[in-house]
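First comes the structure, then the notes that go with it.
The values are calculated or read from the model by the stated rules, or taken from the named source; none is laboratory data. Since this is a predicted model, take the numbers as computed values, not measurements. Every residue, glycine as well, gets a Cβ built from its backbone with ideal geometry; the counts of neighbours run over all protein chains shown.
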Amino acid sequence: MKAGTFLGIVFKVNPFFLLLMALAFGLGQLLPALVLFVIVLFHELAHALAASAYGLRVAEVELLPFGGAARIDHVLEFDPKIEIGVALAGPLSNLLFAAVLWLWQTAYSPLDHNWFLFLTRANLSMAALNLLPGLPLDGGRVLRSVLIYSRGLRRATETAAGLGKALAVGLIAFGLIGSLVFNYPSALMAGVVGVFLFGAAKRESDQAVYVFLRYLMQKQLHVGQRRVMPVRGLVAAGETSLGDVSDYLIPAFYHLFWIVDRQGKPLGILTELELINGLLEKGIHGTLYELVEQRSRH
């Protein structure tokens with residue numbers, strides 16, 4: 001649901017966020033929930049401003065129970081360092097908010113003590129939750145960006161999304177045990193967030209292959225835009241499938257593949273774009289040897 005536009009960015013509210021608000025109203029916590037809404041908005045604005053600082057355009061921001069999602073007209077997976085910067089901007093903004101509150105409380109006119117504690121805990125909790133290392137949380141995006149260099153784009157996305165599911169299950173368990181066993185109704189909110197987080201993490205996992213396909217389709221354009229890219233060389237046996245080799249592709253690099261037979265004798269060299277074209281033409285079960293033979297025939 002569209003909530004409004006600010007600085008050319010469309011802000012939307014996810015139905016699950018509204019469900020969380022309704023739950024807060026039922027528990028007599030509507031005002032604190034509205035304050036949380038403002039904190040989430042502040043968090044997402046930080047992401048948007050960070051993206052703008054990198055020269056990226058933010059099309060829209062959707063507010064979610066655990067934070068939000070900024071739709072950026074750029075494939076951040078292609079630039080892990082930029083993705084880390086944009087991801088960390090949200091939690092850092094909450095930590096800054098908490099620090100300013102503390103300075104205001106100690107040096108100027110103090111807020112009501114209960115509100116001061118609520119605002120401080122809300123910002124610290126928002127930062128802590130989003131720094132957890134699982135997609136789609138900000139910490140998960142940082143983790144993926146780090147893992148990309150050792151596991152490649154697809155496997156890094158699957159790993160970070162799997163951790164996101166595990167974190168969601170933990171939140172659901174905490175919510176159920178806290179509310180049913182220890183009679184702590186507020187814990188139920190953690191369970192609701194966990195349910196939504198699990199669904200979002202599952203979508204990230206399901207979309208891992210599509211993220212990789214987007215990488216394949218846009219890499220040639222990306223090379224043209226960057227003009228100069230660092231090269232990463234790999235050695236692979238000729239019978240290796242194209243799908244297996246694709247796991248080693250790292251977005252920040254342009255890859256060259258030295259193809260050898262089982263005795264280590266060189267068969268040829270393939271470029272990343274040749275591999276991508278081979279994947280699109282032959283699928284993941286095609287082999288490097290087929291591409292080498294195809295090149296020799298031409």
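Of note:
- Filter pass, residue 272 being surrounded by 15 or more Cβ atoms within 10 Å (Cβ to Cβ) and among the acidic types (Asp, Glu): yes
- Residues within region 218-232 that are touching a residue at least 24 places away in the same chain (Cβ under 8 Å) and either among the hydrophobic types (A, V, I, L, M, F, W, C) or in a loop (DSSP other than H, G, I, E, B) (or both), tallied: 4
- Inspection of region 75-94 finds no residue satisfying the criterion of being in contact (Cβ under 8 Å) with a residue 24 or more places away in the chain, farther than 22 Å from residue 146 by Cβ and of a type outside the set (A, V, I, L, M).
- Members of region 226-246 that are buried (at least 17 other Cβ atoms within 10 Å of the Cβ) and farther than 23 Å from residue 158 by Cβ: 238
- Qualifying residue in region 178-199 (condition: of a type in the set (A, V, I, L, M, F, W, C), modelled with pLDDT of 90 or more and within 23 Å of residue 70 (Cβ to Cβ)): yes
- If the condition is being assigned to a helix (DSSP H, G or I), more than 29 Å from the chain's Cα centre (by Cα) and either surrounded by 17 or more Cβ atoms within 10 Å (Cβ to Cβ) or polar (S, T, N, Q) (or both), then region 87-113 contributes 105, 106.
- Filter result for residue 267 (over 24 Å from residue 215 (Cβ atoms), surrounded by 14 or more Cβ atoms within 10 Å (Cβ to Cβ) and touching a helix residue (DSSP H, G or I) at 6+ places or on another chain (Cβ under 9 Å)): yes
- Condition check for residue 63: on the phi < 0 side of the Ramachandran plot and part of a helix (DSSP H, G or I): no
- Total residues in region 1-35 satisfying the condition of being buried (at least 16 other Cβ atoms within 10 Å of the Cβ) and more than 26 Å from the chain's Cα centre (by Cα): the figure is 3.
- Region 141-154, residues that are in contact (Cβ under 8 Å) with a residue 24 or more places away in the chain and surrounded by fewer than 18 Cβ atoms within 10 Å (Cβ to Cβ): 146, 149
- For region 162-198, the tally of residues that are of a type in the set (Val, Ile, Thr) and in contact with a Gly (Cβ under 6 Å, 6 or more places away or on another chain) stands at 1.
- Residues that are free of Cβ contacts under 8 Å to residues at least 24 places away in the same chain, farther than 25 Å from residue 142 by Cα and in a helix (DSSP H, G or I) occur at least once in region 185-200.
- Subset of region 239-294 (residues that are more than 25 Å from the chain's Cα centre (by Cα) and polar (S, T, N, Q)): 240, 241, 263, 271, 277, 287, 294
- Residue 249 meets all of the listed conditions (1) closer than 30 Å to residue 134 by Cα; (2) surrounded by fewer than 16 Cβ atoms within 10 Å (Cβ to Cβ) but one, namely (2).
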